[in-house]
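Just so it is clear, none of the values below were taken in a lab; they were calculated from the coordinates. All figures in this text were calculated on a predicted structure; none of them were measured in a lab. With ideal geometry, Cβ positions are generated from the backbone for all residues, glycine too; neighbour counts draw on all protein chains shown.
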Amino acid sequence: MPRYTIEEFIENTSQKDLGQGKFELERERMLEVNLDGKVWTKRGTMVAYLGNVRFTREGVLEHGLGKFVKEAFTGEGLSLTKAEGTGKVYLADSGKKISIINLDNDSIYVNGNDLLAFEESINWDIKLMRKMAGVMSGGLFNIKLEGKGMIAITTHYDPLTLKVTGNTPVYTDPNATVAWSGNLKPDIKTDISLKTFMGRSSGESIQMAFKGEGFVVIQPYEEIAFVTNTS
């Protein structure tokens, strides 16, 4: 384990301006937001800030009645905090690795648990996977983000992106699926025989099926979710 003097420790661990824009990776598990206006963040992820910054919990009807109803249905999976002002805000989520994606009139779906922050310029909506409702109570909803601006997502360990083509569909464990391109609409595929053999539902017996042209982001970790019997 490295040993430092106080001066060496400060030099090695001090904050550094990287000039990357509004969102910067201060560390691979720490996001720095160079705030001059407003951003939306996952509630409970602020670990420090500098400057004149105000944090406001998302209003009940701030994003309209439709989103309010969806948020009420999905529970605490998407709880947002609005950060406003001028300064620097540092975000982290349970030590998960952070990736910054710059949307340029693109769209992407992100699992509700894995969205860390996004710029005010990004349009977003909650999308419910009704086919999933009878299968699992976790990972039921995701967020569609589109427009121009930065978003930050989190993964347990390093993410892996798989290309989906017309000749190569991709099947993933719902609990390990982080994000996918906005043009894809996954179906749910179940393997009843394998489920029966194993005696319980799992990623092997319940999969998300991606077909068409696009990409899927997975992580080497299964988010905790409760699975119900669908037989």
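Each of 170, 33 was scored by other Cβ atoms within 10 Å of its Cβ. Arranged with the fewest first, they read 170, 33. The slack in the chain from residue 128 to residue 17, taken as 0.36 nm per residue of separation less the alpha-carbon distance, amounts to 36.1 nm.
Legend: residue pairs 96/127; 38/185; 127/148; 82/189; 42/163; 16/42, Cα-Cα distance threshold 26 Å; pairs beyond threshold, 38/185; 82/189; 42/163. Placing pseudo-labels 7 Å out from each Cα toward the beta carbon at residue 168 and residue 36 gives an inter-label distance of 4.2 nm.
Highest mean first, the peptides 100-106, 7-13, 212-218 sorted by other C-beta atoms within 10 Å per residue fall in the order 212-218, 100-106, 7-13.
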